[in-house]
Amino acid sequence: MDDGKANALSPSLLADLGRALDRAAADVEGGGAVVLQGRDGVFSAGFDLNVLRGGGPEASDMVLTGFATAARLMSFPAPVVVACTGHAIAMGAFLLLAADYRIGTHGTYRVAANEVAIGLTLPRSAVVLLEARLTPAAFQRAALLAESFGPDDAVAAGFLDRVVEPGDAPVAAANVAAELNERLVAAAHAESKLRARADVLARLHAAISADAEDLRSRRAD
């Protein structure tokens, strides 16, 4: 992902990501792994706030598409490895939670679910993702207190799996993807992922539906 700026997850960037995942799904059929990375200094700053503040169907569709993308990553038939190249905020952090293996870098960037700090109630879908991957204590701090985590704390919390030297995340992620492709049997990985995450995915899809109803109700008001 590279929009030349903060990688805000706008409708257009989410559409690009969806098309990239379509191509990846075809490329890795029968074997392989996927690497998702940000631009230097930022993974993603979350949803496009200009669209979000504008409200209406475009904002609702953007939010629902973001969480549908997270659900797709959680159930993707091939391993999904993330190179977290910098800040991962809100939906950017939720994409981290949806991947199989997350590599960050040492640095001063932050990982955070900042919704309650900017006056937003956490979507139900975000709560499911946070609870599924974070330690219980970190879940409470991230969801309710909007705590931002540096790279090492993000590993301890569950946002990341490990950190490497600055600039090394893309290469490290590619190496992990190659290793997983060698180690795993594709069909067994895909079926085991769905079995292991069945409960979380069921809750996530139910949460997305409930979030959609909330958004429709707000528009009606």
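For SER209, neighbours were defined as the other residues whose beta-carbon sits under 13 Å from its Cβ, and their charges (Lys and Arg +1, Asp and Glu -1) total 0. Of the trypsin sites (Lys or Arg not before Pro) found in the stretch 1-34, the ones in coil according to DSSP and having at most 11 other Cβ atoms within 10 Å of their Cβ are LYS5.
Between ASP199 and ARG23, residue separation times 0.36 nm minus the direct Cα-Cα distance comes to 60.6 nm.
Here the stretch 1-46 and the stretch 125-152 have alpha carbon centers that stand 23 Å from each other.
Relative to the dominant Cα principal axis of the chain, helix 186-196 is inclined by about 40°.
Think of it as helices only: each DSSP H run of n ≥ 4 in the chain is worth -39500 (n - 2.57), and spread over all residues that comes to -18000 deg cm²/dmol at 222 nm. Note on the chain: Kirkwood hydrodynamic radius from all Cα pairs is 17.4 Å, rounded to one decimal.
The fewest-to-most ranking of VAL171, VAL80 by surrounding Cβ atoms within 10 Å reads VAL171, VAL80.
Between ARG53 and THR121, the simple label model (points 7 Å from Cα in the Cβ direction) yields a spacing of 2.2 nm.
Rule-based calculations on the coordinates, nothing more; no lab input. This structure is a prediction, so every number in the text was calculated from the model and none was measured. A quick note on method: Cβ atoms are made from the backbone with ideal geometry, for glycine too, and the neighbour counts reach across all protein chains shown.
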